[in-house]
Amino acid sequence: MNFLTVQDSLYLLARIRSVNFSRINSVVQTISSLFLLDPFLKNYIHQLSGGTKRRLHAALALIGPPFVAILDEPTSGVDPNARQQMQEILINVVKAKLTTILTSHPMDECARVCNRLGIMFNGQLACLGTIQHLKSKFSQGYTIEIKVRSISNDTNMTMIQNVQSFLLSQNQLNVETREIAYSTGSFQIKQSTPADLFELLEQHKQNLNIETYTISQTTLEQIFLSIGKKLDIDLQ
């Protein structure tokens, strides 16, 4: 295959997949455009960069198209630009309603590309559903990022520790500290509503020298770790 051109390899796989001869040109043109391969059609495969080869491999997997295509970490080992390009392509593949099973480790990539997500743990499928369903079922509250007013390194650390102590003293919140650094702190709020937390912080914002704060949903990475901890406990 390395000594075929990109165009020849696409035509070859199209014929192997029994694409009708009258449609083969349009199929190859469509898949080439979808995977941004048009500038490389006359290039030999062995001349391609790693990122372009991965796009070609994904295109070859999907040409036809098959009933189901399985892509094993198609963005691993490529530079950030190539990864972003591949993610955009995979989003277009989903929009084209081509059934694709994608394996990947970066959770941000899964959140961006997939419309349904399964999490594997110790070789077993631990959960399956839409991203919002998994967040609703497995998330524990939400995350708040707090930044105090910047004065000096020592003072900033003292102020953010004061914020930490204040939040931990609010038993109704069930707070877990995620990270403390310089003038910022990240905390997991396992109980209480965002509205109640907003009200509490606004009441004490001046006393605690809080400059800004933001609230976000639990991330997929946190959900993965939460499921892992639960399964570890169940196995013990």
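The values are calculated or read from the model by the stated rules, or taken from the named source; none is laboratory data. Keep in mind it's a predicted model, so treat the numbers as computed, not measured. Cβ atoms come from the backbone with ideal geometry, glycine included; neighbour counts cover every protein chain shown.
One line per residue, one yes/no per condition, for (1) touching a residue at least 40 places away in the same chain (Cβ under 8 Å); (2) over 28 Å from the mean Cα position of the chain (by Cα); (3) assigned to a helix (DSSP H, G or I):
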position	(1), (2), (3)
L128	no, no, no
Q132	no, no, yes
K135	yes, no, yes
T143	yes, no, no
S186	yes, no, no
Q191	yes, no, no
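Among the residues of the range 64-107, the ones that are basic (K, R) and touching a Ser or Thr at 6+ places or on another chain (Cβ under 7 Å) come to 1 in all. Checking each residue in the range 18-37 for being among the charged types (D, E, K, R) and either modelled with pLDDT under 90 or outside any loop (DSSP other than H, G, I, E, B) (or both) picks out no residue at all. Among the residues of the range 38-55, the ones that are at pLDDT 90 or above and buried (at least 21 other Cβ atoms within 10 Å of the Cβ) come to 1 in all. Within the range 84-108, residues that are part of a helix (DSSP H, G or I) reach no partner that is of a type in the set (A, V, I, L, M) and exposed (fewer than 14 other Cβ atoms within 10 Å of the Cβ) with beta carbons closer than 8 Å at six or more positions or on different chains.
Which of the residues belonging to the range 178-230 are more than 18 Å from Q164 (Cα to Cα) and in contact with a helix residue (DSSP H, G or I) (Cβ under 8 Å, 6 or more places away or on another chain)? Q217, T218, T219, L220, E221, I223, F224, S226, I227 - these are the residues of the range 178-230 that are more than 18 Å from Q164 (Cα to Cα) and in contact with a helix residue (DSSP H, G or I) (Cβ under 8 Å, 6 or more places away or on another chain).
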